[in-house]
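Here's the structure, in structure tokens; my notes come after.
What follows draws every value from the coordinates through simple rules; no lab data is involved. Computed from a prediction, not measured in an experiment: that's the story for all the values here. Reconstructed Cβ throughout: ideal geometry from the backbone, glycine too, with neighbour counts over all protein chains shown.
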There are 2 protein chains.
Amino acid sequence: MTDQQKTHTGKIFLFPVPLNDGDINAVLPSYNIALIKNIKVFVVENIRSARRFLKKCDRTIDIDTLTFFTLNEHTLQQDIPQMLEPAFEGKDIGVISEAGCPAIADPGADIVALAQRKGIEVIPLVGPSSILMGLMGSGFNGQSFAFAGYLPVDASTRAARLKEMERRINREHQTQIFIETPYRNNRLIQELCTSLPSSMLLCVASDITGAKQSIITRSIADWKKAAFDYSHTPTIFLLFN
Amino acid sequence: MTDQQKTHTGKIFLFPVPLNDGDINAVLPSYNIALIKNIKVFVVENIRSARRFLKKCDRTIDIDTLTFFTLNEHTLQQDIPQMLEPAFEGKDIGVISEAGCPAIADPGADIVALAQRKGIEVIPLVGPSSILMGLMGSGFNGQSFAFAGYLPVDASTRAARLKEMERRINREHQTQIFIETPYRNNRLIQELCTSLPSSMLLCVASDITGAKQSIITRSIADWKKAAFDYSHTPTIFLLFN
């Protein structure tokens, strides 16, 4: 690729989205908002929520002049390359997920991987991540940690996974992080209370950056005695010793 | 603890710090800056750089009226509890690290852990994390990933660790993330080129949010042929298949 061409290739900007309905200036740098106003092509997980986010960034954005491509779990692999075409016409592309950071626990990673293969410059931007903020607030080891997404649903695979997490906490001092669907949060905590050693520490980080934010680290023994209800809030779970 | 007392206990705010000398509005929400102006007690990794950061947030902050506690690798465990005393006098406490997010790959985690044990509310704030931004930009799996800090120095332990990472990439589809001291970055890439399969993907994410930002994903085969020099920039390394 010559320098001439390079100058004319658009870039991919990865825009984090607030985790809830609060003030966007609490969770996004003003730079992101200045930047997003100049982008005309977007790859989004959900068009409706992306439009709402853009309107929140700046009410004067003319949504009807923008191009949207949908990238979610239903997108066919063969439909992804065309989403990058605008970059080769010199247009910057914005990637917007439903909530949080694009490409972290969401489908955006596919388009970033393709952009990397095609030599398109990728620019991640700062924004809220419940994984990272949960880890910061937990007091657990931030020098070594692993995020595993959802635990397996099958009971025996799930039990084996928890055992493996316990081993990695003890042998590698690696903080273990995972998520669950809100309506199953309470049941998960009960399950952790019965299957983990009572001295192990569990941090439950709920509604991060939201009005009901609560980040609580307790031993399993203390969680057993605690009253809680996390069945309606997005929550992240962290384990350590 | 009664509600009365709860109202009067200060909180611990975790303030991320820019990774380099650029505009703070590019990497921090304006909310953080509004918040930091009202805090009078700080736990910091390095007083000089914390003062510089505070002055950058707002030149009118009167640094001499603030209380600073230093928390770094030389701090004795027994000296940490007193740093939380101001919270019990109703004062909020700000935690500021050298660069990036407090408690992620830095000593801040100790004071957060103690705050959690003492029931003090911990509030993580949004800011730049080279780990998370490197992962976003890599195109690698963001549903499962592990950060391991520095690789072991000892040659055979180090080789074993790389083998284990390779296994976790293949069996668990877990992205592997680690760091190195800048002057050793080039040597590390050469080492990865000789010890990893040529089809494996290595992302080198350097000077994140800085003027020389570069996030490049290539196969080991392609890194072998590439010219590079990362010896002067903070860099993060990611592996995936």
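Just the Cα atoms of chain B: what Rg and Dmax do they give in Å?
Expressed in Å, the Cα Rg and Dmax of chain B come to 20.3, 66.
Distance check, please: which entries in A:K225/B:K91; A:K212/B:K11; A:K225/B:K11; B:K11/B:K118; A:K37/B:K212 exceed 21 angstrom between their Cα atoms?
Table pairs above 21 Å Cα-Cα are A:K225/B:K91; A:K225/B:K11; A:K37/B:K212.
Under 12 Å between alpha carbons, and skipping anything fewer than 8 positions from B:K224 in its own chain: which aspartates and glutamates qualify?
B:E191
Hey, what does the equivalent ellipsoid look like for the protein assembly as shown, semi-axes from the Cα gyration tensor as sqrt of 5 times each eigenvalue, largest first, whole Å?
Ellipsoid half-lengths, sorted descending, are 33, 27, 24 Å.
Distances in nm, one decimal, shortest first, from A:P197 to the same residue in every other copy, taking the label point 7 angstrom along Cα→Cβ.
Listed shortest first, these distances are 3.5 nm.
Would you please calculate the Kirkwood hydrodynamic radius of the range A:89-136 over all C-alpha pairs and express it in Å, rounded to one decimal?
This gives a value of 12.0 Å.
Residue separation times 0.36 nm, minus the C-alpha to C-alpha distance between B:D62 and B:R171: what's the value?
Gain on stretching B:D62 to B:R171: 33.8 nm.
Mind giving me the nanometre distance, one decimal, between the label points for A:A226 and B:N72, set 7 Å out from Cα along Cα→Cβ?
Output for this residue pair reads 3.4 nm.
Tell me the angle of helix B:155-172 to the major Cα principal axis of chain B, expressed in degrees between 0 and 90 and rounded to the nearest ten.
90
Measuring from a point 7 Å out along Cα→Cβ, what nm distances, shortest first, does B:D58 have to its partners in the other copies?
Taking the point 7 Å beyond Cα along Cα→Cβ, the inter-copy spacings are 2.7 nm.
Among the residues of chain B, which one places its Cβ closest to the rotation axis that maps chain B onto chain A, and what is that distance in whole Å?
Here the nearest residue and distance are B:A146, 2.
Would you mind calculating the relative contact order of chain B from Cα pairs under 8 angstrom and at least 6 residues apart, reporting the percent as a whole number?
Answer for chain B is 22 percent.
Using only the Cα atoms, work out Rg/Rh for the range B:2-125, with Rh taken as the Kirkwood radius, to two decimals.
Rg/Rh for the range B:2-125 comes to 0.95.
Using only the Cα atoms of the range B:124-167, each taken as one equal point scatterer with no solvent, compute I(q) by the Debye sum, divide by I(0), and report log10 of the ratio at q = 0.16, 0.25 Å⁻¹.
-0.59, -0.97
As a test of the formula, what do you get for chain A when each DSSP H run with n ≥ 4 contributes -39,500 (n - 2.57) and the sum is divided by the residue count, at 222 nm and rounded to the nearest 500 deg cm²/dmol?
-10000 deg cm²/dmol
For the range B:184-241, what relative contact order do you get, as a whole percent, if you take Cα pairs closer than 8 Å and at least 6 residues apart?
Relative contact order for the range B:184-241 comes out at 44 percent.
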